[in-house]
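Written below as structure tokens is the structure these notes are about.
The values are calculated or read from the model by the stated rules, or taken from the named source; none is laboratory data. Note that the structure is predicted; figures quoted are calculated from it, not measured. Cβ placement follows ideal geometry from the backbone for every residue including glycine, while neighbour counts extend to all protein chains displayed. Side chains are part of the model used for accessible areas, which takes the heavy atoms of the whole protein and leaves out ligands, DNA and RNA. Shrake-Rupley method; radii C 1.70, N 1.55, O 1.52, S 1.80 Å.
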Amino acid sequence: MMVRFSRVWERGSVFAAFLRQKDWSSKFTTLKYSSTKAEPRLPRMEYQDAVCTLNTLQTNACALEQVRRERGHPQLQLQAMRGFLERAGLRVEELDHLNIIHVTGTKGKGSTCAFTEQILRRYGFRTGFYSSPHLVQVRERIRINGKPIGKELFTKYFWQVYGRLYETKDTHGGSMPAYFRFLTILAFHVFLQEKVDLAVIEVGIGGAYDCTNIIRRPWVCGIASLGIDHTSILGDTIEKIAWQKGGIFKPGVPAFTVKQPDGPMTVLKERAKEIGCPLWVCPELEEYPADSGPLRLGLAGHHQRSNASLALQLSHSWLQRRCLPDQSLPSPTDESKGVSPAAGFQPSPIMAKGLEDTEWPGRTQTLKHGPVTYFLDGAHTTRSMLACVRWFSEAAAQHERTTGGPMVRVLLFNATGERDSAAMLKLLVPCHFDFAVFCPNITEAIASCNADQQNFNVSVENMLTRCLDNQRSWRLLNGQEEKPGAQLLISRDALPLVATERCSKTLVFPCILSALQWLSQGRDSVLAHPDKRVIPVKPSVTAKAAPLRDATGIHVLVAGSLHLVGGVLKHLDPSFAS
């Protein structure tokens with residue numbers, strides 16, 4: 001999560017005041033909604049203004065009070081969502097025309113959606129894809145034909161939806177939808193206006209009471225691997241979480257799940273039977289017959305194989321139901337069980353090519369910049385971290401076998417929210433890192449941070465304290481005694497430009513750029529670009545980097561948070577900065 005800077009906040013607040021001072025209600029309601037070209041904008045209605053205004057929904061007092069009020073009555077969340085949807089000029093019935101594929105899960109749901117979208121786009125369909133969170137720019141959450149919606153279209157559609165909600169807020173107690181609710185409404189609006197052939201919708205959190213679950217008639221539903229996450233919202237056992245995830249099932253709508261542990265699988269069976277939803281369990285990827293050899297995946301990691309199998313079943317079911325309605329899927333053979341094994345059909349060449357060409361940045365992604373190789377994975381639960389460790393261990397070992405000379409391994413880690421950092425760090429110990437580097441999800445220690453990466457819900461102090469706690473956990477896990485060191489002094493107006501050190505193997509930096517610059521030691525040409533501001537560190541911290549300067553290669557694993565991975569990509573991949 002990214003830091004809130006006062007300049008951006010003030011800009012958003014000023015703009016909100018600007019809206020109040022001007023009577024834009026008639027202008028908002030007379031906007032035309034059918035053209036895919038950007039319309040002339042009202043004064044100052046630029047992309048960054050839209051993002052700044054969007055960010056105010058993170059801390060909207062009414063929205064926060066509404067969330068607190070609804071927490072004890074989760075069914076109110078969907079009622080509220082329907083109300084916001086109607087205020088935005090949309091009807092739930094209109095969503096039926098989006099031909100939706102609805103996917104949930106604890107880990108792998110985003111990758112499953114990416115595989116599914118790529119397969120169906122390969123068939124020539126115009127696809128919409130709604131996912132979360134974004135890595136660098138909020139536009140990444142809403143994709144048309146695999147590409148984030150452009151700034152012009154985002155700006156156009158943002159103000160159409162925001163204007164309708166803003167002009168009706170006074171008659172609804174001043175309420176505006178919270179951040180994720182607004183983006184979900186915006187995504188539906190974009191997909192309808194852009195006339196997509198289908199929309200792949202990733203659930204935000206849970207399923208039953210997630211705001212995406214106002215979808216009434218998806219064509220098919222999917223559940224990726226289940227695990228423990230968001231316990232304060234979904235429950236503290238995997239069975240309770242499974243109940244929430246199964247809430248996306250709809251009567252008569254086929255659903256598919258990957259193999260799950262016995263407990264949650266039993267819950268999913270019961271939910272499917274209760275709702276009247278036929279449920280199938282996906283086979284292993286090896287069970288799909290292929291004439292041209294094993295199926296190849298564009299996403300690395302053994303865990304992606306179950307995601308690919310789920311995507312094959314989802315896309316195959318959608319094609320059958322949408323395009324071949326006379327060839328309906330068979331019903332489960334044993335209604336008492338409520339679930340059947342799905343057949344391992346022979347994927348078409350288009351499906352195989354779709355799996356091979358799938359890209360999903362920040363998930364088991366490798367970037368090689370000269371002698372520095374970055375392994376990026378947004379793993380943020382213990383189960384996903386296990387998969388990350390397996391992938392990194394195999395991938396790094398393979399790289400090291402082909403490189404002569406000394407290699408240095410560096411962990412760049414952060415975790416947010418209620419995640420159990422110590423449990424994840426414990427899983428990383430066997431990777432034998434030479435350095436462990438911790439930093440908050442702040443891209444740069446300056447006040448000109450991109451508005452897309454602002455977070456108003458977590459203070460800088462809390463983020464840096466979390467980093468120090470993570471450093472302490474790492475030291476204890478590695479049998480290192482706690483030693484007194486320089487404390488990170490936090491200023492209200494600026495971040496400190498100096499790394500905190502407590503031993504030769506662990507360091508805490510105030511932002512992502514400073515951490516990247518230290519661990520790359522000028523050996524990454526992208527980070528050494530003149531446009532990159534060099535963050536100064538103490539001479540003693542520079543001296544500790546001698547192994548990094550002398551190594552033949554540097555392997556950096558970035559994990560623990562998708563927001564951290566996004567901040568790293570913003571600096572490493574120029575395409576994310578545009």
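Amide H contacts under 5 Å for W280: A255, F256, T257, S340, restricted to partners 5 or more places along the chain or on a different chain, H placed in the peptide plane at 1.01 Å from N. Between the range 95-129 and the range 520-563, the alpha-carbon centres lie 37 Å apart. Ligands, DNA and RNA left out, the accessible area of the range 223-324 computed with a 1.4 Å probe is 52% carbon and sulfur. In terms of its alpha-carbon gyration tensor, the range 342-390 comes out oblate; a/c meets the 1.5 threshold, while b/c is at least as large as a/b.
Could you work out the relative contact order of the range 367-441? I mean the mean sequence separation of Cα pairs under 8 Å and 6+ apart, divided by the number of residues, in percent.
Once divided by the residue count of the range 367-441, the mean separation gives 36 percent.
The amide H of T506, built 1.01 Å from its N in the peptide plane, has A436 as neighbours under 5 Å, considering only residues 5 or more places off or on other chains.
Once you wrap a convex hull around the alpha carbon atoms of the range 339-447, what is its projected area averaged over all directions, in nm²?
Mean projected area of the Cα convex hull: 11.8 nm².
Summarise the accessible area of the range 109-204 (1.4 Å probe, protein heavy atoms) by the percent that is carbon and sulfur. Carbon-and-sulfur percentage of accessible area, whole number: 48. Let's test this: bin the Cα-Cα distances of the range 225-285 at 5 Å from zero up to the farthest pair and state each bin's percent. Percent of Cα pairs in each bin: 4, 20, 30, 23, 15, 7, 1. Taking square-rooted eigenvalues a ≥ b ≥ c of the alpha carbon gyration tensor, is the range 73-116 rounded, prolate or oblate, where a/c under 1.5 means rounded and, failing that, a/b exceeding b/c means prolate? Here the range 73-116 falls in the oblate category. Close amide H contacts of S225 (hydrogens built in the peptide plane, cut-off under 5 Å, sequence separation of 5 or more or a different chain): T106, K107.
Each of N99, H134, C113 was placed along the dipole of the range 87-142 (beta-carbon charges, centred on the mean Cα), and the one lying farthest toward the positive end is H134.
Within the assembled protein chains, the solvent-accessible surface assigned to D229 is about 20 Å², based on a 1.4 Å probe. Assign one of three labels to the range 184-310, namely rounded, prolate or oblate, based on the Cα gyration tensor with a ≥ b ≥ c the square roots of its eigenvalues; rounded applies when a/c is under 1.5, prolate when it is not and a/b is larger than b/c, and oblate otherwise. Taking the square roots of the gyration eigenvalues as a ≥ b ≥ c, the range 184-310 is oblate. A straight line joining the Cα centroids of the range 77-94 and the range 228-280 runs 25 Å. Loop-resident trypsin sites (Lys or Arg not before Pro) (DSSP state other than H, G, I, E or B) in the range 160-245 with no more than 14 further Cβ atoms inside 10 Å of their Cβ: K195, R216.
Computed from backbone phi, the HN-Hα couplings of the range 539-544 come to x, 5, 6, 4, 4, 5 Hz, rounded to whole numbers (Karplus: 6.51 cos²θ - 1.76 cosθ + 1.60, θ = phi - 60°; Gly and Pro given as x).
In order along the range 366-375, phi translates into HN-Hα couplings of 10, 10, 10, 10, x, x, 9, 10, 9, 10 Hz, rounded to whole numbers, per the Karplus curve 6.51 cos²θ - 1.76 cosθ + 1.60 with θ = phi - 60° and x for Gly and Pro. The string of couplings for the range 285-295 from the Karplus curve (6.51, -1.76, 1.60, θ = phi - 60°) is 4, 5, 7, 8, x, 9, 6, 9, x, x, 5 Hz, one whole number per residue in order, with x for Gly and Pro.
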